[in-house]
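Coordinate-derived values only; no laboratory data. Not measured: the values here are computed from a predicted model. Glycine also receives a Cβ, built like all others from the backbone with ideal geometry; neighbour counts cover every protein chain displayed.
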Amino acid sequence: MTDLAALSADYFADLLAFDPFGATAFGAPGHDDAVPDPGRAADRAHLDRLAGFRTRLDALPAATAPQDLVTRDMLDRLLADQRAELASGLGVGAFEVGVTATIAGPQNAVFAIVPTVRPRGEEGFAAYLRRLAALGGYFDALGARYRQAAREGRHSTATGVRQAVRQLRSYLASPPAEDPFLRPAEGDPDRLDRVAAEVARTVRPALARLTDTLAGLSGRDDDRVGLCHVPGGEAAYAAATRSHTSTSWSPERLHRIGLDQLDRLREEFAALGERVFGTHDVPEVLRRLREDTSLRFATAEQIVDTATSALRRAEGALPGWFHPYAIAPCEVEPMHAVEAENSTLAYYGPPADDGSRPGTYVVNTHAPWSRPRYEYEALSFHESVPGHHLQIAVAQSLGDLPAFRRFTYVTAHAEGWGLYAERLADEMGLYSDDLSRMGMLSFDAWRACRLVVDTGMHHFGWSRDRAVAFLRDGSALSEVNVRNEIDRYIAWPGQATAYLVGRLRIEDLRTRAQRALGPRFDLRDFHHHVLANGAVPLDTLTTVIDRWTAA
C-alpha cells in the first residue's frame, strides 16, 4: 500500500524531528546535529500533527498484505498512545515534573547519547559542533519549562531536585579535560580543541544556568512522590501505563500481577537457596545475597570482565537457538562518572544504522565494592545477547520494513524480550553457577516488585519510603540500587511496568505455539517471528505469532 508507506515515512520523519536525541540513540541517521524543543508549544504542535496522521490513517482502505497489517496495527496503537501522553500536558514521560539524576532525567539523555556519535568526515564533525552549540538553547528552554510547571503548582520531587542539582554541580566541578562531550574528538588534537572551546562557551554555562533554576525549585516531599499528587497526574499515569505496556490494563490489575508473581517466585528462591546457602528460608536467602560482602566485586575491571565474558559466551551459543543474522557487533563500556552515581546498573545503546557505531552495553562500575557479582550475568544477557543487542540489531537489519518499524522502541516488547532473555539464558546453559542463577531469580523478583511499587506510588499514593521498603524486602537488590531504582520509577512513570507484562506475553505465546504445532515446533522459528518484525505492540505480536502457527 503506497499510501500507507507514505504515511509511515511522514510519521517517522516527524517523530525523529520531534526527538532527535532518540534518533541518535536508536541509530537513525540525519539528526546528529539537532536538539529537541522541550517547550509546551512544541508538544501542542506535535499533538496537532499526530491528529493529522490519525486522520490520514482512518481514511486508508483496509490492509491485506501481512506486513501492511502489522504496519497499520502499529501506527494505530502508537498514534493513540502518543496523543494520550501529550494530551496530559506534562510532556512525554511527564518529564516536566520528573526532575531527577537517574537515567530518566533529560540531562542524562544528553550525557548518555550526545557523546556516543562517531563523526564521519568533516561534515559529521561539523554536525556534532552544531549540536553542542544548540545545547545552550535546549537547556535554557528546559529550565523555562520547569519554572512554568512550578508556577502552576506542578512540582517535581524534592529528592529528585536535590539529586539533580548535586549531579550537575559535580559535572561543573569536574576537570574540563575529562568532559564526556570530548569523546567524539579523541585522538584528533585540532578537533579536541574545537569541541573543548564549544563546551566551555556554550554547554557548561547553560548547565550552570539550569543548575541555578533547579536549585530555586520547590519540590514535593517524599510522602507525595507519585503522579496522583500532581494536577493532571491521574490521566498522565493512565496514558503512561497504556503506552509502555501496550495494553489497556488498569493499575489495579498490574499491581495484582506483580504480587502474584512474587508469590510464585518464593518456591524457586527456596530451592536454589538450599543449594547455594544451605537454607530454604527466603528472607534469609535474600539477606545473604544483599549483605554478604564476599559476594561483591572488588574492582571496576572485574565488572567489565564479567559482562564481557557473559556476552561472548552468549554469542557463541546463538546458533543452536536462533537463525543466523548479519548484525552489528556489540561492545562493553564502563559508564561515565557523571552519570554513574544515581544511575541504573547498566543500559544498552543501539548501533548506528550507518555502521559508524557498534551496539554498546554500558555497565555501571561506580563503587564496585557495593555491587553483587551474581547480578551481572543476568544483566548482561538482558542488555546484550540474547537480549537487547540481538533484538535491536536484528530489527535494524530488516531493510524491507518501514523505517519506523526498524527503529521504534515499544517498551513492552523490547523490555519483555530482555527479561525473557534472562530466563532463556538459563535454558541455554549460559549461567556460570547457581549463584549467578540466583541473580536471575532476584531480577525476576525485582521486575515483579516494579509492578507493585510503580502503581503503588503513582496510583495508590505510596510514599517513597514505603516503595523502597517493598523493593528491598522483595528482592536481593543492594540498598543503593533499591533507592536508585525507586527514584527512576518516580521520575519515569509507568515504564517499569512493561518488563514483566511483556515477558509474560512472550512466554504465553511460546506455550500456545508449542501446543498448536506439537513436534513441528521449532524454537528458532519462534524466536525469529518474535524478532523479525521489529518491536511491536503486544496485541500485534500476538497476531504475528498466531498467523505463523496457523500457517
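In segment 303-332, what count of residues is obtained for those that are assigned to a helix (DSSP H, G or I) and touching a residue at least 12 places away in the same chain (Cβ under 8 Å)? Write out each step before concluding.
Taking segment 303-332 as the starting set, the residues that turn out to be assigned to a helix (DSSP H, G or I) are 303-320.
The next check asks that each one be touching a residue at least 12 places away in the same chain (Cβ under 8 Å); those that pass are 303-304, 306-308, 310-311, 313-315, 317-318, 320.
The total comes to 13.
If we only count helices (runs of 4 or more DSSP H) wholly inside segment 181-277, which ones have 2 or more residues that are touching a Lys or Arg at 6+ places or on another chain (Cβ under 7 Å)? So the answer is 204-215, 251-277. In the set (1) among the aliphatic types (A, V, I, L, M); (2) surrounded by fewer than 18 Cβ atoms within 10 Å (Cβ to Cβ); (3) part of a loop (DSSP other than H, G, I, E, B), residue 517 fails one condition alone, (3).
Do we find a residue being touching a Ser or Thr at 6+ places or on another chain (Cβ under 8 Å) and crowded, with 19+ Cβ neighbours inside 10 Å anywhere in segment 262-271? Among the residues of segment 262-271, not one is touching a Ser or Thr at 6+ places or on another chain (Cβ under 8 Å) and crowded, with 19+ Cβ neighbours inside 10 Å, which makes the answer no.
When you scan segment 457-468, do you find a residue that is closer than 18 Å to residue 271 by Cβ and in contact with a helix residue (DSSP H, G or I) (Cβ under 6 Å, 6 or more places away or on another chain), even just one? No: segment 457-468 contains no residue that is closer than 18 Å to residue 271 by Cβ and in contact with a helix residue (DSSP H, G or I) (Cβ under 6 Å, 6 or more places away or on another chain).
Per-residue answers, yes or no, for (1) surrounded by fewer than 24 Cβ atoms within 10 Å (Cβ to Cβ); (2) in a helix (DSSP H, G or I); (3) β-branched (Val, Ile, Thr):
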site: 394; (1), (2), (3): yes, yes, yes
site: 400; (1), (2), (3): yes, no, no
site: 431; (1), (2), (3): yes, no, no
site: 438; (1), (2), (3): no, yes, no
site: 450; (1), (2), (3): no, yes, no
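Has segment 117-130 got at least one residue that is under 23 Å from residue 170 (Cβ atoms), surrounded by 15 or more Cβ atoms within 10 Å (Cβ to Cβ) and within 25 Å of the chain's Cα centre (by Cα)?
Taking segment 117-130 and keeping what is under 23 Å from residue 170 (Cβ atoms), we get none.
Checking segment 117-130: not a single residue is under 23 Å from residue 170 (Cβ atoms), surrounded by 15 or more Cβ atoms within 10 Å (Cβ to Cβ) and within 25 Å of the chain's Cα centre (by Cα).
The set of residues from segment 341-386 being under 17 Å from residue 430 (Cβ atoms), over 17 Å from the mean Cα position of the chain (by Cα) and not hydroxyl-bearing (Ser, Thr, Tyr) comprises 373, 375, 377.
When segment 36-91 is filtered for residues that are farther than 25 Å from residue 150 by Cα, loosely packed, with under 14 Cβ neighbours inside 10 Å and of a type in the set (A, V, I, L, M, F, W, C), the ones remaining, listed by number, are 51, 59, 62, 65.
Restricting attention to segment 84-108, and to residues there that are part of a loop (DSSP other than H, G, I, E, B) and in contact with a Lys or Arg (Cβ under 9 Å, 6 or more places away or on another chain), which single residue is farthest from residue 139 (Cα to Cα)? Only one residue tops the list, namely 89.
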